[in-house]
1. Scan the range 202-216 residue by residue and report those that are open to solvent by 10 Å² or more (accessible area, probe 1.4 Å) and more than 16 Å from the ligand (Cβ to nearest atom).
2. Under 7 Å between Cβ atoms, at least 6 apart or on separate chains: pull out the pairs that start in the range 345-361 with a residue that is in contact (Cβ under 8 Å) with a residue 12 or more places away in the chain and end on any residue that is open to solvent by 10 Å² or more (accessible area, probe 1.4 Å) and of a type in the set (Asp, Glu).
3. Mind checking whether some residue in the range 315-330 is at pLDDT 95 or above, among the small types (Gly, Ala, Ser) and open to solvent by 20 Å² or more (accessible area, probe 1.4 Å)?
4. Being free of Cβ contacts under 8 Å to residues at least 24 places away in the same chain, assigned to a helix (DSSP H, G or I) and not hydrophobic (A, V, I, L, M, F, W, C) is the filter here; which residues of the range 1-23 pass it?
5. What pairs come up if the first residue lies in the range 24-36 and is within 9 Å of Gly363 (Cβ to Cβ), the second is within 16 Å of the ligand (Cβ to nearest atom) and open to solvent by 30 Å² or more (accessible area, probe 1.4 Å), and their beta carbons are under 7 Å apart, counting only those six or more places apart or on different chains?
6. Please enumerate the residues belonging to the range 101-122 that are in contact with a strand residue (DSSP E or B) (Cβ under 6 Å, 6 or more places away or on another chain) and open to solvent by less than 10 Å² (accessible area, probe 1.4 Å).
7. Say whether the condition of being in the same structural domain as Val35 (by TED's automatic domain parsing), among the small types (Gly, Ala, Ser), under 28 Å from His175 (Cβ atoms) and in a helix (DSSP H, G or I) is met by at least one residue in the range 341-354.
8. Every residue in the range 167-200 that is closer than 17 Å to Met141 by Cβ and open to solvent by 10 Å² or more (accessible area, probe 1.4 Å), please.
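The values are calculated or read from the model by the stated rules, or taken from the named source; none is laboratory data. Everything quoted here is computed from the prediction, not taken from an experiment. Cβ sites come from the backbone with ideal geometry, for glycine too, and all protein chains shown count toward neighbours. Side chains are part of the model used for accessible areas, which takes the heavy atoms of the whole protein and leaves out ligands, DNA and RNA. Shrake-Rupley method; radii C 1.70, N 1.55, O 1.52, S 1.80 Å.
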Amino acid sequence: MLTNLRPQPADKILALMQAYREDPRTDKIDLGVGVYKNAEGVTPVMRAVKEAERLLWEIETTKAYTALAGDPAYLDAMAALVLGDSVDADRLGRIATPGGTGAIRQGLELIRMASPEATVWLSAPTWPNHPSIIKYLKMPMAEYRYFDEATRDVDFAGMMEDLAQVRRGDVVLLHGCCHNPTGANLTEDQWQEVAALLDEKGAIPFIDIAYQGFGDGLEADAFGTRLLAGRFPEMLIAASCSKNFGIYRERTGILMAVAPDAGLQPVTQANLAYLNRQNYSFPPDHGARIVSMILADRQLREAWETELEEVRTGMLAIREALAEELRRLTNSDRFDFIARHRGMFSRLGATPEQVAFMREKFGIYMVGDSRINIAGLNERTVPILARAMVEAGV
Ligand code: LMR
């Protein structure tokens, strides 16, 4: 049996993580995987998380299973955080999942069960694991234009032209905020136009929101998701707590499915719970419990929101500093898009050769498509990256 196996394509983000680890240089700079790091290069446990874990240790009396769909307090708290009051709770199916990736996977499996012919439309480019999972599930897939390589903003005309080809019942996967890998995001007006077009086409939106709070703030980052949830009869939302709660390894995510009416909620919910049972039975609980404790407690929540805001504004300051340094070195404003982008990533526009040059000469690790993790930079390394970009001829 095992002799039939063939090597699988390496995930380029994970392969980069490995290459960085193996580089013996002490002054190397990691701008690869999307993990937040502070100015000292550490991914800290957030203060509210540490406190909630301490409390949990004191009060938790059992490790017996929670509900198959996950702890209801977590599901309620996350639905409120992501969706606000944009959709009636009695239309919402929800399951806790192992991370945002687990939510994406469960969402895709739900689509395949309910509507196997539906094409899933992805932004070009998108997070590489999106097409990878869809391919693995052998589902029909198509791309819509998203990023304008010249302006380094959203190619909105191209996006609308491509989405006009969507057929009734197709699923359109959209990044809720902080687009990965480009950093270019829809404006509120553009969200309105996308919503109107998809509505007219009879498409089903599937939102991946993995960075809420990293862009323009917790509320602003949920704008598009809430707009669509308030408008569409059916929709899927995959949300992650990995980044905004900094609990990457706890694998804490949620999949929500908006049903057309309250009458269809029970069957939606039952199918979601069924998928949990088939794939891993009960979802992980530790991270979910920490999240619901933080969101339900005024002081913990305040501490979390304050620290999240520090993280967000810190990344904005790095964006400004990098754009400024490049303005100084190149005597032009062509890198100002870095300050306009939002979230953890920006795609710089370097060729694979230039990316390799920066890695070899400066020990700077970025994804081959020139995506950088802004949080991998600090005051000391911003000028190093700027100089490397200029020397590479970006
Ligand atoms: C990333 O894009 O770097 C993150 O979402 C981490 C991952 O799993 O790829």
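1. Residues satisfying the conditions are Gly202, Ile204, Asp216.
2. Arg347/Asp369; Gly349/Glu149
3. Yes: the range 315-330 contains one or more residues that are at pLDDT 95 or above, among the small types (Gly, Ala, Ser) and open to solvent by 20 Å² or more (accessible area, probe 1.4 Å).
4. Thr3, Asn4, Gln18, Arg21, Glu22
5. Sorted first by the residue in the range 24-36, then by its partner, the pairs are Lys28/Tyr20.
6. So in the range 101-122, the residues in contact with a strand residue (DSSP E or B) (Cβ under 6 Å, 6 or more places away or on another chain) come out as 102-104, 106-107, 111, 118-122.
Those that are in contact with a strand residue (DSSP E or B) (Cβ under 6 Å, 6 or more places away or on another chain) and open to solvent by less than 10 Å² (accessible area, probe 1.4 Å): Ala103, Ile104, Gln106, Gly107, Ala118, Val120, Leu122.
7. Taking the range 341-354 and keeping what is in the same structural domain as Val35 (by TED's automatic domain parsing), we get 341-354.
Now drop any that are not among the small types (Gly, Ala, Ser), which leaves 343, 346, 349-350.
Add one more test, that the residue is under 28 Å from His175 (Cβ atoms), and what stays is 343, 346, 349-350.
Next cut, in a helix (DSSP H, G or I) only: none.
No, every residue in the range 341-354 fails to be in the same structural domain as Val35 (by TED's automatic domain parsing), among the small types (Gly, Ala, Ser), under 28 Å from His175 (Cβ atoms) and in a helix (DSSP H, G or I).
8. Scanning the range 167-200 gives Arg167, Gly169, His175.
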